[in-house]
1. Let me confirm something: among 81, 95, which residue is modelled with pLDDT of 80 or more and under 30 Å from residue 163 (Cα atoms)?
2. Taking residue 66, is it in the same structural domain as residue 188 (by TED's automatic domain parsing) and buried (at least 19 other Cβ atoms within 10 Å of the Cβ)?
3. Would you say residue 155 is surrounded by fewer than 17 Cβ atoms within 10 Å (Cβ to Cβ), in contact with an Asp or Glu (Cβ under 9 Å, 6 or more places away or on another chain) and more than 30 Å from residue 75 (Cα to Cα)?
4. If you go through the stretch 132-152, how many residues are in contact (Cβ under 8 Å) with a residue 60 or more places away in the chain and surrounded by 14 or more Cβ atoms within 10 Å (Cβ to Cβ)?
5. Would it be correct to say that residue 210 is under 14 Å from residue 63 (Cβ atoms) and either over 21 Å from the mean Cα position of the chain (by Cα) or not in a strand (DSSP E or B) (or both)?
6. How many residues are among the acidic types (Asp, Glu) and modelled with pLDDT under 90 when one looks only at the stretch 113-152?
7. Residue 183 is checked against (1) farther than 24 Å from residue 60 by Cα; (2) touching a Leu at 6+ places or on another chain (Cβ under 8 Å); (3) not polar (S, T, N, Q) and fails just one. What number does that condition carry?
Amino acid sequence: MKTSYLALVKNLFALGLLIAAGGGGYVLWRQFTVDEQVEQLLFKNAELREAIANLTEETRIGYAKVLEQHTHNGQTRTRLLFVETDPDDMTRRVLEKEFDIEGDVVHFDALIVKFTTPMVMEGRQKAMYLWRRVYGEKMRPEDGFAIHTPHSEPARYRAIGEKLSLAQREQFWDEIWQLANDPTRLEPMGIKAVFGNVVYKRLQPGLIYIFNIDAGGAIYPEIIPEL
């Protein structure tokens, strides 16, 4: 009986190892499959490559302004309007949100995605940006308020999404957003991401803070008086 019991334990242990190995194999296989699918999108979808190549070297991409700012018992609060504009018409708003921030120093955090020269086939790099969050200097960044909805397609880049099926579109943007967690993951496929491009300013009423992006993907503010 004792021998039979030991044999049963050994068999169960061996079965457990097989299950664990199989699970690990499934994870590796699934990761390979996802990477392969993304590579198919980036290198074999001519329309997607064309849409990426057509990214303009943008300058003004949106703005923020103070709607209300007050101090009570030594505590300052700032209510601001954040606007993202259409790449072809800056007077058209594609995103508009209000945020209530403690303090008057506000951080705007963006993820910058750079497409390398082989990806765009034009001898130049192209960059896109994804607004991640906004937060005050007294907040932890991870507690900030989301600007773009994570894993979704920003309205400003709808021209890219239009080149893909719904399933491909969801997969593409999910992978792009994942670069925030693993910036080097898609480098072999012609993409590198630089995140942590944080713009922060002490905001004042009566001013408009226009966000610009240069050819290298850096975002910087320009301040003009509100008319």
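The values are calculated or read from the model by the stated rules, or taken from the named source; none is laboratory data. For clarity, every value in this text was computed on a predicted model and none was experimentally measured. All Cβ positions, glycine included, derive from the backbone under ideal geometry; neighbour counts span all protein chains shown.
1. None of the others qualify; the one that does is 95.
2. yes
3. Considered against the rule, which asks whether it is surrounded by fewer than 17 Cβ atoms within 10 Å (Cβ to Cβ), in contact with an Asp or Glu (Cβ under 9 Å, 6 or more places away or on another chain) and more than 30 Å from residue 75 (Cα to Cα), residue 155 comes out as yes.
4. 2
5. no
6. Of the residues in the stretch 113-152, 1 are among the acidic types (Asp, Glu) and modelled with pLDDT under 90.
7. Looking at each condition in turn, residue 183 falls short on (2).
Here is a yes/no grid of residues against (1) loosely packed, with under 10 Cβ neighbours inside 10 Å; (2) modelled with pLDDT under 50; (3) part of a strand (DSSP E or B):
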site	(1), (2), (3)
7	no, yes, no
24	no, yes, no
37	no, no, no
47	no, no, no
61	no, no, yes
101	no, no, yes
